[in-house]
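Structure first, then comments.
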Amino acid sequence: GGGGDSGSGGGKDDGKLVLGFSQVGAESGWRTANTKSIQDAAAAAGYELKFSDAQGKQEKQIEAIRSFITQKVDVIAFSPVVTSGWDSVLKDAKDAGIPVILTDRAVDSQDKSLYKTFLGSDFVKEGKEAGDWLVKQNEGKTDPVNVVELQGTVGAAPAIDRQKGFAEAIKANPNIKIVKSQSGNFTRAEGKTVMEGILQSTPDIDVLYAHNDDMGLGAIEAIEAAGKKPGKDIQIITVDAVKDGMQALADGKINFIVECSPLLGPQLMDLAKKVKAGETVDPRILTEETTFTQEQAKAALPDRKY
Ligand code: GYE
């Protein structure tokens, strides 16, 4: 442990850690839970949190990070909306001597010294678990399984990786085919409108794989409006396991959810303290998560925190 002052005889604590955090936006239930986790954990740790919401725009995130540099915060953390285009602002932070922590989403910068660590999920694994479940459901069958994929934000790490993991998982089964793949930007509204279009253009849909619960929930509205039964006529697989998703799973409208935990706050606060103190930290910290069937969702719902 350590890091405390050696008894400077009372007075107020000037060592309050100042953390600048640039959030993606408020696009999903996951994001709302993630923001709350970070705000609550910062308050509990007694840090000063400078929180900035980028409304889904990379320019706004870059602006926020530059302003954190100008304000000389102790630590900068952010969840990058897309993977590319961060080198220059990260270099500025490094030159200013401010450590950076990536939370939730990765960047594609080659220079790994531009940030101290990346805390978040393994999105490829999540996509693979979604695909593995589908393969298992169709074991021994050769009938065509037509899959529609609703992708997350174009260029975002979870969209790139969840597509990749799923494609890998199904690739040995030629009867399981992705017949349509389109972005719904991780939102419920776009999940709905995109699915409305797909239902009109694509007659035979057996399965919907949505990169998050919110797009799946929007698509459920479109499927019901088209006179079909979600979870039965069209099987639905999503990622996140936020409350509304878990409720739809328990109600039989979703068939399987791969969990992605948004509760990164406490670990982030711990890392911020360490990097401020100049301690070396593990460059990759993985979030632990599970998967849920309909029965498991019924059991888990009463204690679900988000
Ligand atoms: O799955 C989705 C959110 O980056 C893991 O972003 C996060 C994703 C999450 O909009 O709901």
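Please treat every number below as a calculation from the coordinates, not as lab data. Predicted model only: the values in this text are computed from it and were never measured. Cβ: placed from backbone, ideal geometry, glycine included. Neighbour counts: every protein chain shown.
At full extension, LEU263 and ALA96 could sit 57.2 nm farther apart than now, given 0.36 nm per residue minus the alpha carbon distance. Using the Karplus relation 6.51 cos²θ - 1.76 cosθ + 1.60 with θ = phi - 60°, the per-residue 3J(HN,Hα) values for segment 109-115 come to 4, 6, 7, 6, 7, 6, 9 Hz, with x marking Gly and Pro. Does the chain come out rounded, prolate or oblate, given a ≥ b ≥ c as the square roots of the eigenvalues of its C-alpha gyration tensor, rounded meaning a/c under 1.5 and, failing that, prolate meaning a/b above b/c? Verdict is prolate for the chain. An oblate overall shape is assigned to segment 135-242, the ratio a/c of its alpha-carbon gyration tensor axes (a ≥ b ≥ c) being 1.5 or greater and a/b not exceeding b/c. With 0.36 nm allotted per residue and the present C-alpha distance subtracted, the ALA300-GLN110 stretch has 64.4 nm of extension available. Between VAL135 and ALA26, the simple spin-label model (points 7 angstrom out along Cα→Cβ) gives 4.1 nm. Take the Cβ atoms of GLU63 and LEU286, set R0 to 35 Å, and the FRET efficiency comes out at 0.70. With R₀ fixed at 30 Å, the C-beta to C-beta distance from THR70 to ALA43 puts the FRET efficiency at about 0.80.
Taking 0.36 nm per residue of separation and subtracting the Cα-Cα distance, what length does fully extending LYS228 through GLN200 add?
Extending this stretch completely gives an extra 8.8 nm.
Please get the size of the charge dipole for segment 15-87, origin at its Cα centre, with Cβ charges of +1 on Lys and Arg and -1 on Asp and Glu, quoted in debye to the nearest 20.
About 100 debye.
Look at the dipole of the chain built from charges on Cβ: of PRO302, ALA167, GLN23, the Cα furthest out on the positive end belongs to GLN23. Rounded to the nearest whole Hz, the Karplus-based 3J(HN,Hα) values (6.51 cos²θ - 1.76 cosθ + 1.60, θ = phi - 60°) of segment 246-256 follow the sequence 4, 5, 5, 5, 5, 7, x, 8, 10, 9, 7, with x at glycine and proline. Rounded to the nearest 0.05, what FRET efficiency is calculated for PHE51 and LYS164 with R0 set to 35 Å and r the Cβ-Cβ distance? With a Förster radius of 35 Å, E is 0.65. Here the simple spin-label model places points 7 Å from the Cα toward Cβ, and for ASP87 and ASP270 these points are separated by 3.4 nm.
Cα centroid separation, segment 35-51 to segment 221-242: 36 Å. Legend: residue pairs LYS136/LYS298; LYS125/LYS177; LYS180/LYS253; LYS60/LYS253; LYS36/LYS253, Cα-Cα distance threshold 30 Å; pairs beyond threshold, LYS60/LYS253.
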